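I have placed the structure first, in the form of structure tokens, so that the comments after it can refer back to it.
The values are calculated or read from the model by the stated rules, or taken from the named source; none is laboratory data. Everything numeric here is computed off the predicted structure, so don't read it as measured data. Methodologically, a virtual Cβ is constructed for each residue, glycine included, from the backbone with ideal geometry; neighbour enumeration extends over all protein chains shown. Only protein heavy atoms, including side chains, enter the accessible area calculation; ligands, DNA and RNA are left aside. Shrake-Rupley method; radii C 1.70, N 1.55, O 1.52, S 1.80 Å.
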Amino acid sequence: MKIRELKEYRKKPLAEIEKTINEQKTKLASLSFDLFQGKVKNVKEIRALKKNIAQLFTIRTELEKISINH
């Protein structure tokens with residue numbers, strides 16, 4: 001994800017971030033399954049997807065801490 005996209009996610013509500021995380025987890029599961037079947041040619045896509053999910057988890061945690069403190 002680009003820095004610009006991460007900044008946009010910080011402005012979005014938690015529900016939308018959760019939805020995006022779930023969508024990307026589903027996509028990751030599908031890609032992982034396809035990898036074991038030998039259908040995936042671009043393994044870097046899986047790595048990038050894992051990184052995106054981790055970044056979204058971090059943003060979600062930051063927003064939760066902000067909402068608890070207010």
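Lys44: net charge of surrounding residues, Cβ under 12 Å, Lys/Arg +1, Asp/Glu -1, itself excluded? Working shown, then result.
Values: positive: Lys41, Arg47, Lys50, Lys51; negative: Glu45.
Result for the neighbourhood of Lys44: +3.
May I ask you to list the lysines whose Cα is less than 26 Å away from that of Lys65, ignoring any residue fewer than eight positions away on the same chain?
Lys2, Lys7, Lys11, Lys12, Lys19, Lys25, Lys50, Lys51
Tell me, what HN-Hα J-couplings in whole Hz come from the Karplus equation 6.51 cos²θ - 1.76 cosθ + 1.60 at θ = phi - 60° for each residue of segment 62-68, using x for Gly and Pro?
With coefficients 6.51, -1.76 and 1.60, one gets 4, 5, 5, 5, 5, 6, 6 Hz.
When the Karplus curve 6.51 cos²θ - 1.76 cosθ + 1.60 is applied with θ = phi - 60°, which whole-Hz ³J(HN,Hα) does each residue of segment 17-33 get, with x for Gly and Pro?
Couplings: 5, 4, 4, 5, 4, 4, 5, 6, 5, 5, 5, 4, 4, 5, 5, 5, 4 Hz.
Provide Thr20, Thr26 ordered by accessible surface of protein heavy atoms (probe 1.4 Å), highest first. Working shown, then result.
Values: Thr20 20, Thr26 95 Å².
Descending accessible area places them as Thr26, Thr20.
How many percent of the accessible area of the chain is carbon or sulfur, using a 1.4 Å probe? Spell out each step's value before the answer.
Working: 3060 of 5460 Å².
Roughly 56 percent of what the probe reaches on the chain is carbon or sulfur.
Rank Arg47, Arg60, Arg10, Arg4 by accessible area, highest first, at a 1.4 Å probe radius?
Highest to lowest solvent-accessible surface, that is Arg47, Arg4, Arg10, Arg60.
Can you tell me the FRET efficiency between Asn42 and Arg10 if r is taken as the Cβ-Cβ distance and R0 is 30 Å, rounded to the nearest 0.05?
Values: r = 28 Å, r/R0 = 0.95.
Plugging the Cβ-Cβ distance into 1/(1 + (r/R0)^6) gives 0.60.
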